[in-house]
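Notes to accompany the following structure.
Derivation of every value follows stated rules applied to the coordinates shown; laboratory data play no part. This one's a predicted model, so the numbers in the text were calculated from it and none came from an experiment. Cβ: placed from backbone, ideal geometry, glycine included. Neighbour counts: every protein chain shown.
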Amino acid sequence: MAFEADERKRAEEAFKESEERFRILANSAPMLLWMSRTDALRSFFNKPWLDFTGRTLEQELGNCWAEGVHPDDYQRCSDIYLGAFHARQPFSMDYRLRRADGEYRWVFDTGVPRYLSDGTFAGYIGSAIDITDRKRAEDDRRDALAREHAARAEAETSKRRAALLAEASNVLASRLDYAITLQTLARLTVAELADLCVVDLLEEDGSIRRVAAAHANPAMQEAACELQRQFSPDPRGQHPVAKVLRTGRPDIATEIHEALLNDIAPELGHLEIARGLTYRSYIVVPLVARGRILGALSLVSGESRRRYTAADLELAEELGRRAAMAVDNARLYATSEQRRWAAETLADVARLISASLEPQDVTRRIADSVLMLLRAQNASLFLVEPTSGDLVTVAVSGDVGPASGPDMVFPHGIGLIGLAVREQRPVATSDVLTDPRLTFTPEVRTLVERDMFRSILAIPLIAKGKVIGALRVADRLGRVFDNEDIQLAKTFADHAAIAQENSRLYAEAEELAANRERLRVARELHDTLSQVLFSIALKLDWCLHRADPRVRRKLQDIRRETGSMMEQIRNLIAKLSEREDGAHRPFAERLQLLLKEFGELTGIAVELVECDDTATLGQPEMEILLKTFLEALANISKHARATRATIRLKLDGDVIHFEVADDGIGPPGEAEFAQRVGGPRHFGLRQMRERIETAGGRLEIGPNAPSGFRLWGSLPLEVKGDDQYSNCHRG
């Protein structure tokens, strides 16, 4: 018994000595040590642990040590510790442990099961080291790596987006047909930025026209095309495109909720397409160039579930700027080409309608030309009826209808053409039947309702401040005559009014020439045939008194027939002389009257710059000179495009020299001019030359200096001492 007691005592002393050595070793270790019992509660912490936490051993024993674990790490640490404890498995974990100064430090904690010499489980023993610096270094490396990855990703994204912008610029600059280039841009955009891309343009009348739509999924392209064809936004509605076009500011929605979807797609068919395309987020940016809103570019995400960001908005705005510049450049080019074409066409038209002075030919050319110029379906020329003021159709070109045919007459003030004449300005309407400005008689309204043309442009023809007629250009419902059309038509109408007035002047001149020719024939009949018949009648009277009774009867019959013939000649002379118009006025007065009328009718100033005494001119010379001057001035009005003309008359003995000159475009090349003067188109020039040469004179034709056309020559005089004509004076 004593032996056993001694052994037990020695064993206890050895255990105490062993524990003391363990505590000394543990407390001098450079790490945090801990031990637990078989119930998982901690039973020992070394001095470095207690110094680290700033707590006593009693405060840490059991499970109280866990009070220093960071709340975000506690559950994870507990699960790892208890899981390993129950499985009797080693474990390791890192967590944040509160240091004595209150700072949480990262520690790396490892534990292993502990067994007695007989194999009995005695709990766990573990150690922890402060890894905060390592953790921070790892975090720094991770952050640096993340930043590097982000920088690479951003660089790659920037590279792709720069490539997109470069390719978009190339596409937009490749051609001036912006409808095609915008569709190509939409296809490029869905490859990088969107599931759906749509481009809308703002029209002159405020409506929105959808010009391009593309989807990243080929199976959805038909739905995108249906959006383009059928569902352009209402400019007055709440559609994001309409709001952007009104404000000029971009719009971004990171999520499309139900109320917003109803604003985007207010129609049932549109809503079905939107749901099918699974709208999730969108960006809408305005297309702005030179301070004007031209349209909008829309990006929509769907299947990709993309949520748009500020960076996406920035890229979309840059795409919008480039697209707007392309649209603006294309429109400027189109406008420039249209104006160039219009200027060239107007010049051609002016030459065409001035190439003839025949009234019917001129009116037909005016109608044909304005139809071609405005690319319409129908064009009509009306002239004002002087007495009633009604507008009477004189020429029609293109297709005809009940209200646009050759027999149409618009009563004074009726319809769009009546409004244009009343206000003396061009007037246009997109639907003549619904325009509240217009009035119709029941008969005219019936014709208009039956007519196929509803879009009308009416332009008054004004000459010397007076409305002489109007042009009516018509097209089918839907055509809108814009400002370019109206200005082009107005310029054309100015040319047409001049041509119409020149035609009227020519007709009056022709009538005057015909009257003078009748007077000449009447005088010749009176001075020749009438006198001969009178002489025959006198001789027959002498014979009747001396003839044998057998022949007297026959002579009486001849005398009666001679008297009847003289009566017929007197009646003919009277008819030919009915329209005498100043044939017996002095030459100077007749010439000045001719020049005045010509200037008033054509706007071309004609000046008599030199004129000698014409008292010695005989009637034949006066008629030849007046006819020559009349035809020369008509040619100037018709061909020269002159603003001024001059006439000179100079006596040289028994010869009078004359000259007519203008400041117009002058004759063509020498060979071509020689051919033209001899050709059928210049019969008037040949006729003038033949008339002068037949009278013993000469006529020359050529260019004027510094510009224009010159006609000059001379005519021998037949002195008529009994004729009394007043002198003309130097202008």
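With a sphere of radius 12 Å drawn around the Cβ of L391, what net charge do the other residues whose Cβ falls strictly inside it have (Lys, Arg +1; Asp, Glu -1)?
Details: positive: R422, R472; negative: E385, D390.
So the surrounding residues net to 0.
Report, in listed order, any pair from K466/K490; K596/K627; K466/K596; K466/K627 with a Cα-Cα distance greater than 22 Å.
Going by Cα-Cα distance, K466/K627 fall outside the 22 Å limit.
So if each residue of separation counts as 0.36 nm, and I subtract the Cα-Cα distance between F121 and D399, what length gain in nm does that give?
Using 0.36 nm per residue and subtracting the Cα-Cα distance, I get 88.9 nm.
Give me Rg/Rg_expected for the stretch 167-283, where Rg uses Cα atoms only and Rg_expected = 2.2 N^0.38 Å with N residues. All intermediate terms of the calculation are to be shown ahead of the outcome.
Working: Rg = 14.0 Å, N = 117, 2.2 N^0.38 = 13.4 Å.
Computed over Cα atoms of the stretch 167-283, the ratio equals 1.04.
Quick one: grab the alpha carbon gyration tensor of the stretch 443-510, order the square roots of its eigenvalues as a ≥ b ≥ c, and give me rounded if a/c is under 1.5, else prolate or oblate depending on whether a/b is larger than b/c. Write down the numbers at each step before the final one.
On the way: a/c = 3.15, a/b = 1.69, b/c = 1.86.
Because a/c hits 1.5 or more and a/b fails to exceed b/c, the stretch 443-510 counts as oblate.
Taking 0.36 nm per residue of sequence separation and subtracting the Cα-Cα distance, how much length would be gained by fully extending the chain between A605 and R76, in nm to one decimal?
Contour length minus Cα-Cα distance gives 179.6 nm.
Using 7 Å Cα-to-Cβ label points, what is the E58/E226 separation (nm, one decimal)?
Going from the E58 label point to the E226 one covers 8.2 nm.
What FRET efficiency, computed as 1/(1 + (r/R0)^6) with R0 = 41 Å and r the Cβ-Cβ distance, is obtained for R136 and N329, rounded to the nearest 0.05?
According to the calculation, E is roughly 0.10.
Please compute the modelled spin-label separation between F108 and E203, points set 7 Å along Cα→Cβ, answer in nm with one decimal.
Distance between the two pseudo-spin positions: 7.4 nm.
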